[in-house]
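S.K.: The structure's right below; bear with me while I get my questions together.
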There are 4 protein chains.
Amino acid sequence: MAKILIAYYSKGGSVKKMAKFVEDGVKESGVDVVLKTVEDVAADELIQYDGFIFGSPTYYGQMAAQVKKLLDDSVILHGRLEGRIGGAFTSAGNIGGGNETTILSILQAFMIHGMVVQGTSKNDHYGPVAIGAPDKRAERQCVDLGKRIAKLVKKLCQ
Amino acid sequence: MAKILIAYYSKGGSVKKMAKFVEDGVKESGVDVVLKTVEDVAADELIQYDGFIFGSPTYYGQMAAQVKKLLDDSVILHGRLEGRIGGAFTSAGNIGGGNETTILSILQAFMIHGMVVQGTSKNDHYGPVAIGAPDKRAERQCVDLGKRIAKLVKKLCQ
Amino acid sequence: MAKILIAYYSKGGSVKKMAKFVEDGVKESGVDVVLKTVEDVAADELIQYDGFIFGSPTYYGQMAAQVKKLLDDSVILHGRLEGRIGGAFTSAGNIGGGNETTILSILQAFMIHGMVVQGTSKNDHYGPVAIGAPDKRAERQCVDLGKRIAKLVKKLCQ
Amino acid sequence: MAKILIAYYSKGGSVKKMAKFVEDGVKESGVDVVLKTVEDVAADELIQYDGFIFGSPTYYGQMAAQVKKLLDDSVILHGRLEGRIGGAFTSAGNIGGGNETTILSILQAFMIHGMVVQGTSKNDHYGPVAIGAPDKRAERQCVDLGKRIAKLVKKLCQ
């Protein structure tokens, strides 16, 4: 039975809200999902999941150190997550504020684990971006991301 | 019947050699493959393929203008390549010479088409890099890339 | 006497409008400036300028092929632009639409020429982004970019 | 009197060795330099320096979490480091192993602080990369980076 982990770091609450919208999308697709803060995820626990959707605020153009720590710790599983699915989302202070590079920083880490990632031809191509708290546009994109990752997990990991 | 396009631009011949190694990998996997220079590919022809593996020399840290032109022209198919598979490889003058950003420039373009891309936990994580002409190490990675993309095409596009 | 080149590619007109705002910023700073489309710039002409501000629409997450062609052609000056100044701006279809990666694709090319680039702690950190036609926010940032590059040119190249 | 901070995180020792070579380059240029591990740098201390050269191992294609933590903490100085100078270096496991994206992750953070960064037309364009322990090639590039940043600091910050 496929299972997706949504792990996020949120200080102001915007990323947490986005995480819940992403969770809605996964659930609608009928895939099991666990929602946690990155601080509550132990690196060796990652082996249990088929898909990973990480959320982070945009801090200096990359994921927050707390999210990076989990990824650095995940080296104990290096090579064993090959072929699993990854996605990312972020909340940023403003439009050109480093949001794309933040999402790509997470996706690149997933690729280095040998994971599969997917863009979208619509809206935020690399992953959902909220400017501050998520508006309707960001909400819809988060739900879509959840569905997109769930669909890939079902096709590639079951 | 799934089909993969390998399209490349090569001036000195290194990228062309890599393209043939990638082709070997696809063929070994039993997936149909077409090998062409980017100049010989018409944008509307891209609709016929399930997977795309683009090769470019590293020119100022991104794909060559000739490769970019094909991608720019592919806007006529925007939205219709969603869910297809993409991969990339490059030959560069030296180690920190812009090779990773070149490969990522192609993968990002594919993601904006809504495509699926995959890294690898071994060796060149984003895609194969040759320093100058491809050595045995680069050859092996190119074959692996062909196999990796063929495997995804078979799982996701047939 | 220091001189800055603003070179842009514009199809719909948004990037051209941004280019003119950038020009205003350079002029206010009292530095000579030439404004041209990339098609009107010959690569060997680049040797005459101390600063370069390139503008491009966001096409598949990188600069347009027309802009890339000029940069590829500029290899005839490789090593001779070391220490000069570079900046970039873009117009994109939507927020997470590849605008940051477009600006960074230009800045990375400039860095490979050995140039100096600068971010800003305010607004669009890597360079000005307009969503569609430039609004007041984008206009102000374009003027600021012109001033920022002019200031660096005056300090480093006169 | 201008002063440069070299801050690094090193587990295996390769990045530490690179840091010392960078220090040599700064010293040769006659600029004051402080060499510290990132764990020994308090964020508010950054205000004292004119130039920053950060070193990190390549961990999943970005700077180590320890380096990111210092940058995240530096938000207390946001806007006050505008116009200062930044550079970066890394040690990676292999050629396409995420080293360029690691260096760019640091340079992008510096740009978001409004800092000035510079590439080089020779060798590793974004910053020095060692594959494992630094060889002669990496050593020379580290010394060059120290000199390059020192030169910019002298021109822009004194």
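All of the numbers you see were taken from the coordinates with simple rules; none came from a lab. Every value quoted in this text rests on a predicted model; they were computed, and no experiment measured them. Virtual Cβ from ideal backbone geometry, glycine too; neighbours counted across all protein chains shown.
S.K.: Quick one: give the max-minus-min coordinate of the C-alpha atoms of the range C:3-157 along each principal axis, largest first, in Å.
M.R.: For the range C:3-157, the Cα spread along each principal axis is 37, 31, 26 Å.
S.K.: Can you give me the three principal axis dimensions of the range D:1-94 from its C-alpha atoms, in Å, biggest first?
M.R.: Computed over the range D:1-94, the largest-to-smallest principal extents equal 37, 32, 21 Å.
S.K.: Taking neighbour Cβ counts within 10 Å as the exposure measure, how do D:V67, A:V41, B:V34 sort from fewest upward?
M.R.: On the way: D:V67 31, A:V41 21, B:V34 16.
The order, fewest Cβ neighbours first, is B:V34, A:V41, D:V67.
S.K.: Partner chain Cβ atoms within 10 Å, averaged over the residues of A:64-72 - can you pull that number for me? Could you put the intermediate results ahead of the total?
M.R.: On the way: counts 4, 11, 4, 2, 12, 5, 1, 5, 9.
Per residue, the number of nearby Cβ atoms from other chains is 6 on average.
S.K.: Something else now. For chain B, what is the mean residue ellipticity at 222 nm derived from helices alone (per DSSP H run of n ≥ 4: -39500 (n - 2.57); sum divided by total residues; nearest 500 deg cm²/dmol)? Could the numbers behind the result be given before it?
M.R.: Working: 4 runs with 60 residues, N = 158.
Taken over chain B, the calculation gives -12500 deg cm²/dmol.
S.K.: Report the calculated FRET efficiency for D:K20 and B:Q48 (r = Cβ-Cβ distance, R0 = 51 Å), to the nearest 0.05. Could the numbers behind the result be given before it?
M.R.: Values: r = 56 Å, r/R0 = 1.10.
So, using R0 = 51 Å, E works out to roughly 0.35.
S.K.: Say a label goes 7 Å from Cα toward Cβ at A:K20 in every copy; what distances in nm does this one have to the rest, shortest first?
M.R.: For A:K20, the other copies' label points sit at 4.7, 5.4, 6.0 nm, shortest first.
S.K.: In what sequence do D:H78, B:H125 fall when counting other Cβ within 10 Å, fewest first?
M.R.: Values: D:H78 14, B:H125 26.
Listed from fewest to most nearby Cβ atoms, that is D:H78, B:H125.
S.K.: Which distances, shortest first and in nm, link B:D32 to the matching position in the other copies, using label points set 7 Å out along Cα to C-beta?
M.R.: The projected label point of B:D32 is separated from its counterparts by 4.0, 6.0, 7.1 nm.
S.K.: If amide hydrogens are placed 1.01 Å from N in the peptide plane, which non-local residues have theirs closer than 5 Å to the one on C:Y59?
M.R.: C:A64
S.K.: Restricting to the range A:3-157, compute how many DSSP beta bridges are antiparallel as a %, nearest 5.
M.R.: Working: 1 of 24 bridges.
Once the DSSP bridges in the range A:3-157 are tallied, antiparallel ones form about 5 percent.
S.K.: With the crude spin-label approximation of a point 7 Å out along Cα→Cβ, what separation in nm comes out for C:D73 versus A:D32?
M.R.: So the label points at C:D73 and A:D32 sit 6.0 nm apart.
S.K.: Oh, and also: Given labels modelled 7 Å from the Cα in the Cβ direction, how far is it in nm from C:E39 to B:K11?
M.R.: Placing both labels 7 Å along Cα→Cβ, they lie 2.3 nm apart.
S.K.: In nm, one decimal, shortest first: how far is the label point of D:K122 (7 Å from Cα along Cα to beta carbon) from the matching points in the other copies?
M.R.: Its label point is 3.7, 3.9, 5.2 nm from the equivalent points in the other copies.
S.K.: As a check on your reading of the symmetry: which chain D residue has its Cβ nearest the axis that brings D onto B, and how far is it in Å?
M.R.: D:E100, 2
S.K.: Could you state, as a whole-number percent, how many of the C-alpha pairs of the protein assembly as shown are farther apart than 37 Å?
M.R.: Numbers: 55320 of 199396 pairs.
For the protein assembly as shown, the share of Cα pairs beyond 37 Å comes to 28 percent.
S.K.: Which of the peptides B:4-16, B:139-151 is most tightly packed, and how do the rest follow, judged by the mean count of other Cβ atoms within 10 Å per residue? Provide the component values of the computation, followed by the final result.
M.R.: Values: B:4-16: 20.3, B:139-151: 23.2.
The packing order, highest mean first, is B:139-151, B:4-16.
S.K.: Related question: Report the label-to-label distance for B:E82 and D:K155 in nanometres (one decimal), using points 7 Å from each Cα along the Cα→Cβ vector.
M.R.: It is 4.9 nm.
S.K.: Which ordering of C:T101, A:T120 is given by a fewest-first count of other beta-carbon atoms within 10 Å? Spell out each step's value before the answer.
M.R.: On the way: C:T101 29, A:T120 23.
Starting with the residue having the fewest Cβ neighbours, the order is A:T120, C:T101.
S.K.: Sticking with this structure for a sec: Going by Cα centres, the range B:45-109 and the range C:9-81 are how many Å apart?
M.R.: 23 Å
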